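Peer 1: Would you mind keeping the following structure in view while I ask a few things?
The values are calculated or read from the model by the stated rules, or taken from the named source; none is laboratory data. Computed from a predicted model, the values in this text were never measured in an experiment. Neighbour counts are summed over all protein chains in view; Cβ atoms, including those assigned to glycine, are modelled from backbone coordinates with ideal geometry.
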Amino acid sequence: MEKYQKYGINPLLISIATEQAVERIPSRPTNIMLPGKYPKLVFKHIKTVNREFPENIFRLTCKQCNKSGDYDLGTVVVPLHNEPVNKVEKFQALGYFRCKHCNSAGEWELSARAQTMLAGKMALAATKNTTSERSTDVIFGEALIDNGFAPRWGSEAEEYFLHKLADTPDDAYLWNRLGNAYYRGKRPELAVVAHEQALLKDMGQVESLFSLGQILYDCGELETAASSLRQAIAFSHQYGHLTAYNLRELIVGALTTLLAIYTHSNSSIDMLPKPDELAMAHFAKNEIASTSSLDFEIDTTRRETLYPLAEVYLGTRREELLPEERTMRTNSSKVAWPAATKINKQKPPKKSKNKKKK
């Protein structure tokens with residue numbers, strides 16, 4: 001076995017996902033043990049996924065084995081209290097990491113040099129006033145989970161969700177939230193494990209479909225990314241874990257990536273959900289037929305031009321938007337479906353002409 005491994009994995013994650021006793025899982029699992037279709041693929045592209053999160057390398061000492069190593073804290077969140085901004089005892093590190101030597105997590109000691117460096121970053125971040133100047137590696141506020149819980153480390157967020165999943169392993173929404181914690185922690189290969197588990201429990205877990213699609217897109221897997229994003233759009237009309245406004249933004253985000261895929265594939269990969277994908281998401285036959293004529297003049301520099309299309313797929317949930325904030329016009333409670341132009345026309349399935357009459 002290696003002296004240490006760079007990317008630690010919690011045995012409990014594999015235990016819950018595979019329904020095996022944790023005692024049967026090695027104390028230091030490797031990525032080849034991760035369940036699911038995509039973790040190994042994503043691990044190969046780990047440096048190209050979620051590059052928007054900063055690298056924050058600091059020297060830490062594990063209190064379990066007393067060995068030191070360099071770890072990526074990711075985004076550091078500093079609370080807005082009446083305390084000196086250089087007080088390094090009070091901060092949250094969203095990066096997910098485990099000890100390279102013993103694979104434990106959550107008990108760390110910063111070296112004196114690391115404390116000085118972090119205090120300097122906090123002080124510098126506090127002096128930046130404009131949005132363009134603000135640092136992405138140190139932000140001010142608080143990263144909360146349920147009931148006001150503010151985890152100190154990314155591994156504490158993981159423990160919170162795994163503890164709940166141990167009791168309710170079929171809760172797709174909890175798996176999705178765990179996936180989000182891993183993604184923010186810069187561990188996309190663990191994120192896809194959680195998102196795949198969410199979809200095994202609920203094929204209409206829209207947020208996991210969206211997240212999985214975005215990660216696969218970053219890995220260059222255009223076909224599978226597009227399929228996941230189209231399903232996210234198709235199922236959005238029945239998804240209840242987001243407000244209609246946030247759901248519309250998610251659909252617009254999916255459409256933006258799908259448009260990029262459509263362009264990169266020389267128009268060979270569909271941008272909009274196919275009739276069979278809509279049927280799987282319980283769209284009515286008349287709604288599926290209506291979407292066959294959908295197409296919009298889209299300005300790629302203006303996000304709002306995608307709102308009317310997004311509202312089509314919101315279904316009845318668009319009624320939760322304030323009337324003045326809707327971009328689709330209605331007439332006597334019937335939706336006026338937008339006129340088509342030329343992008344991704346999809347014909348609904350035709351009835352067979354050879355069908356014998358009874």
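Peer 1: On the given criteria, is P39 touching a Pro at 6+ places or on another chain (Cβ under 7 Å) and of a type outside the set (K, R)?
Peer 2: In short, no.
Peer 1: Just wondering, is there one or more residues in region 34-46 that are in a loop (DSSP other than H, G, I, E, B) and more than 25 Å from L174 (Cα to Cα)?
Peer 2: Yes, because at least one residue in region 34-46 is in a loop (DSSP other than H, G, I, E, B) and more than 25 Å from L174 (Cα to Cα).
Peer 1: Check D299 against each of (1) at pLDDT below 90; (2) part of a helix (DSSP H, G or I) and name the one condition it does not meet.
Peer 2: (2)
Peer 1: Here is a follow-up. Sort out which residues of region 240-266 are farther than 11 Å from L222 by Cα, in contact (Cβ under 8 Å) with a residue 40 or more places away in the chain and assigned to a loop (DSSP other than H, G, I, E, B), and write them in order of number.
Peer 2: H241, T243
Peer 1: Scan region 42-85 residue by residue and report those that are hydrophobic (A, V, I, L, M, F, W, C) and touching a helix residue (DSSP H, G or I) at 6+ places or on another chain (Cβ under 8 Å).
Peer 2: V42, F43, I46, V49, F53, F58, L60, V76, V78, V85 - these are the residues of region 42-85 that are hydrophobic (A, V, I, L, M, F, W, C) and touching a helix residue (DSSP H, G or I) at 6+ places or on another chain (Cβ under 8 Å).
Peer 1: Within the set of pairs 6+ apart or on separate chains, which have a first residue in region 83-101 that is assigned to a loop (DSSP other than H, G, I, E, B), a second that is modelled with pLDDT under 65, and C-beta atoms under 7 Å apart?
Peer 2: K90/E83; K100/Y4; K100/Q5; H101/Y4
Peer 1: Same structure again: Please state which of the following conditions T168 fails to meet, knowing it meets all the rest: (1) within 22 Å of K6 (Cβ to Cβ); (2) surrounded by fewer than 16 Cβ atoms within 10 Å (Cβ to Cβ); (3) modelled with pLDDT of 90 or more; (4) not aliphatic (A, V, I, L, M).
Peer 2: Of everything listed in (1) within 22 Å of K6 (Cβ to Cβ); (2) surrounded by fewer than 16 Cβ atoms within 10 Å (Cβ to Cβ); (3) modelled with pLDDT of 90 or more; (4) not aliphatic (A, V, I, L, M), T168 misses just condition (1).
Peer 1: Continuing with this model, one more query. Here are the criteria: (1) assigned to a helix (DSSP H, G or I); (2) surrounded by fewer than 18 Cβ atoms within 10 Å (Cβ to Cβ); (3) touching a Ser or Thr at 6+ places or on another chain (Cβ under 9 Å); (4) not aliphatic (A, V, I, L, M). Tell me which single one E159 does not satisfy.
Peer 2: The number of the failed condition is (3).
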